[in-house]
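Down below is the structure, laid out as C-alpha cells.
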Amino acid sequence: MLLTHAHVDHCGYLPRIVQQGFKGPVHCTWPTADICSLVLRDSAHLQEEDARYANKKGFSKHKPALPLYTVQDAEDAISLFKPVNYGQDLFFSNTMRVKFKDAGHILGSSFIDVKLMQADKPTRILFSGDIGSPGRPILRDPTQVFEVDYLVLESTYGDRTHGHGDEERRTELARVINESIKRGGILIIPSFAVERSQELLYYIRELEDQKRIPVTPVYLDSPMAVSATEVFEKWKLVYDMEARMKELDGKHIMQTRMLHVVRDAEESKLLHNVKGPAIFISASGMLEGGRILHHLEHRLPFAENTVLFVGYQAEGTRGRSILNGNPTVKIHGQQVPIKAKIDNITGFSGHADYKEILAWLMGFNRPPIKTFIVHGEPEASKAMAESIRTTLGWQVEIPEFMQTVKLD
C-alpha cells in the first residue's frame, strides 16, 4: 500500500482493511507514519468511545453500537508501516520504482511517483493525493513534477477559489477574534487536529506579536492536536525556509502567549466553566466526533459565542448543516438550538483551489497522455476537468466507480 498522507479520509480505513486480512507493507514518508500513528489510534479510540456513549444513551439504531475497528486493529495497522524519505527510490521489482515528493498539503504529504520500467521506454504515473495551497505558513509549496505519462488528480476545490491570500487570512481571522472578544463570548474553532490546528496557532501568535489582536487565552483541546504539534517540532527539516528562519531567531512558531494545552478528558469538561473572551480550538474539523461536539452542545445555544469554520465542510456533515443555516443541529441524539454567531473563512483550506492546480499543471514540461480526475464532489470534478481541457487542451477523464483502465 502506498499512502499519500495522514489525513483520516486517506488513512482512516487502513485498520479495517488490516482487520479483514491485509498484511502487506504500508509505504509513506516518515512524518506521515508518525502522524498516522496518532490519527489511527485516535480514530479507533473515538469510535470505541462513541459506541460506548451511544449504548449508554441508547440513541443508536444499532443494538449494540459497535466501532468500525478497535484500538488493537489500529495497532496492527501501524505495525505494517515502512516509511521512507522524500526523494528516496523505493524498488518493488526490477520493473517498478516508487518515489514520494512533497505535496505541500500537510506535514509529510506526498505525490506518489510510480515508474514502470518497460522494455521500450518507462511509463510514469503520478498520484497527486491532496495538493497543498501554495504560500501557506510552515510547509513548503508543492513540488513541481515533470515527465508524467498518466496523472491521477484530486479535485476537491475544482469549481472554486479560496478567495483569500495569506494577508487576507490574517485580516479575516483578526476580525473574527476581535468581534468575539467584544461580545465577551467563547470563539470555538472546529479544526482538524493535524495541520489546521498548528496553522491556527501560528497565525494567532503572529497576530498577537503584530498587536492586531489582544493577547487572549487559547485552549487547544485535542490530545491528537497536541501530539501532532509535537510531531511538527520533531520534523522541522521539512518546514519551509521562512518557518526555519523564525525558529533560528528563537520564535516558537506555534506557541501563543496564553496557550493552554488540554489533554485530559476531565480537564476538557472543566472548559464548560470558562468565561469569555477565550478561544477554543478542538477536533474534529467537520464535527463528526470528538470533544468539539461537547463544546458546541454547551455553547451553541448562546448568542455571545462564535463558531468559526476554517476548513471544507463536506455534504452530510454537521459542519455543512450548520453552515447551511439550519436552526438546530443533532448532537448526541438531541437537537441543539443554534443561537451563536456562525462565521467561515475558506482561505484556510489545505487544498489547492482550481487556479492553483492549473498553475501547478502549467509547470509540466509536457501534457500527460491522460489525466484522471478523482477526489471531489461531482460538480467540482466536472469543473476541474473542463478547466484543464479548456486551458491546457489535455485529455481528461472522470472515472466511474469500479472502472478499470488499461494503460497503453
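All of the numbers you see were taken from the coordinates with simple rules; none came from a lab. As the structure is a prediction and not an experimental result, all values here were calculated from the model. Virtual Cβ from ideal backbone geometry, glycine too; neighbours counted across all protein chains shown.
Miscellaneous remarks
- Secondary structure note: in the range 166-348, about 15% of the DSSP beta bridges are antiparallel.
- Label zone (Glu242, point 7 Å along Cα-to-C-beta; backbone nitrogen cut-off 17 Å) within the range 201-219: 201-212.
- Gyration tensor analysis over the Cα atoms of the range 166-348 returns equivalent ellipsoid semi-axes of 27, 17, 16 Å (largest first, whole Å).
- Our coupling estimate for the range 386-395, obtained by passing each phi through the Karplus curve with A = 6.51, B = -1.76, C = 1.60 and θ = phi - 60°, is 5, 4, 5, 4, 5, 7, 10, x, 7, 7 Hz, Gly and Pro reported as x.
- Cut-off under 5 Å, modelled amide H: who pairs with Lys339 long-range: Phe302
- Sorted largest first, the spans of the alpha carbon positions of the range 1-56 along the three principal axes are 40, 24, 14 Å.
- Amide H contacts of Phe309 (H built 1.01 Å from N, in plane; Pro and chain starts excluded): Asp343, Asn344, Ile345 sit under 5 Å, all sequence-distant by 5 or more or on other chains.
- Estimated vicinal HN-Hα couplings, Hz - the range 305-314 in sequence order (Karplus 6.51, -1.76, 1.60; Gly, Pro = x): 8, 10, 10, 10, 8, 10, x, 4, 10, 6
- Here the relative contact order of the range 166-348, from alpha carbon pairs under 8 Å that lie six or more residues apart, stands at 31 percent.
- About its Cα centre, the range 166-348 has a charge dipole of approximately 520 debye under the convention of +1 per Lys or Arg Cβ and -1 per Asp or Glu Cβ, with nothing else charged.
- Rounded to whole Hz, the Karplus (6.51, -1.76, 1.60) HN-Hα couplings of the range 237-252, x for glycine and proline: 5, 9, 5, 6, 4, 4, 5, 5, 5, 5, 4, 4, 7, x, 7, 8
- In a DSSP loop and with at most 10 other Cβ atoms within 10 Å, the GluC sites (Glu not before Pro) in the range 373-408 are Glu400.
- Of the trypsin sites (Lys or Arg not before Pro) in the range 262-340, those whose Cβ has at most 16 other Cβ within 10 Å and which sit in DSSP loop: Arg263, Lys275, Lys339
- The per residue volume of the convex hull around the alpha-carbon atoms of the range 128-261 is 139 Å³.
- Antiparallel DSSP beta bridges within the range 301-376, as percent of all bridges there, nearest 5: 50
- Rel. contact order, % - alpha carbon contacts under 8 angstrom, at least six apart, the range 118-188: 28
- Positive-end residue, the range 166-348 charge dipole about Cα centroid, Cβ charges, pick of Val231, Val336, Ile292: Val336
- Using only side-chain charges placed at the Cβ, +1 for Lys and Arg and -1 for Asp and Glu, the dipole size of the chain relative to its Cα centre rounds to 640 debye.
- Size check on the chain: the Cα extents along the three principal axes, sorted descending, read 70, 52, 41 Å.
- Unit charges at the beta carbon, dipole of the chain: most positive-side option, Phe111, Tyr202, Ala265: Ala265
- Treating each Cα of the range 255-309 as one equal point scatterer and applying the Debye formula with no solvent, the log10 of I(q)/I(0) at q = 0.12, 0.14, 0.21 Å⁻¹ comes out as -0.28, -0.38, -0.89.
- For peptides 195-206, 250-261, 64-75, sequence by mean Cβ density within 10 Å, most packed first: 195-206, 64-75, 250-261
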